[in-house]
1. Take the residues in segment 17-59 that are under 19 Å from Ile89 (Cβ atoms) and of a type in the set (Val, Ile, Thr); name whichever of them is surrounded by the fewest Cβ atoms within 10 Å (Cβ to Cβ).
2. Cβ contacts < 7 Å: first residue under 12 Å from Ile50 (Cα atoms), restricted to segment 8-26; second residue in a strand (DSSP E or B) and among the β-branched types (Val, Ile, Thr), any location; separation 6+ or different chain. Result?
3. Could you grab the pairs with beta carbons closer than 9 Å, sequence gap of 6+ or different chains, first residue in segment 40-60 and assigned to a loop (DSSP other than H, G, I, E, B), second one among the acidic types (Asp, Glu) and surrounded by 12 or more Cβ atoms within 10 Å (Cβ to Cβ)?
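Where a number appears in this text, it was derived from the coordinates with a stated rule and is not lab data. This structure is a prediction, so every number in the text was calculated from the model and none was measured. Cβ placement follows ideal geometry from the backbone for every residue including glycine, while neighbour counts extend to all protein chains displayed.
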Amino acid sequence: MEENENFIHNKYGYCFYSIEANDTALIYNLYVEPEYRQKGHAKNLIRLAIREIRATGYNIEIQIEARPREDSISIENLVAFYKKLGLKIL
């Protein structure tokens with residue numbers, strides 16, 4: 001399987017995901033415009049990315065790369081956000 005980068009976006013924000021050669025998918029660069037934060041848009045972008053990844057039909061592990069920017073969410077809140085989505089933190 002070749003690496004394949006994909007871009008999901010709407011007026012609220014965006015995220016990227018790629019299907020990697022080692023049977024994993026990586027979700028990264030999640031961004032929501034400041035005026036739309038705390039309204040569920042990040043959750044919707046992540047869920048859409050996961051849905052698109054699963055629709056490929058490949059049996060793959062999904063990983064999320066999370067490095068909050070200084071002017072953004074704290075790492076503690078980011079971990080809580082992903083746990084609330086039911087994701088396992090490694």
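1. Filtering first and then ranking leaves Thr24.
2. That search, which allows pairs on different chains as well, returns Cys15/Ile8; Cys15/Ile27; Tyr17/Ile27; Ala25/Ile19; Ala25/Ile62.
3. Qualifying pairs under 9 Å: Ile60/Glu20.
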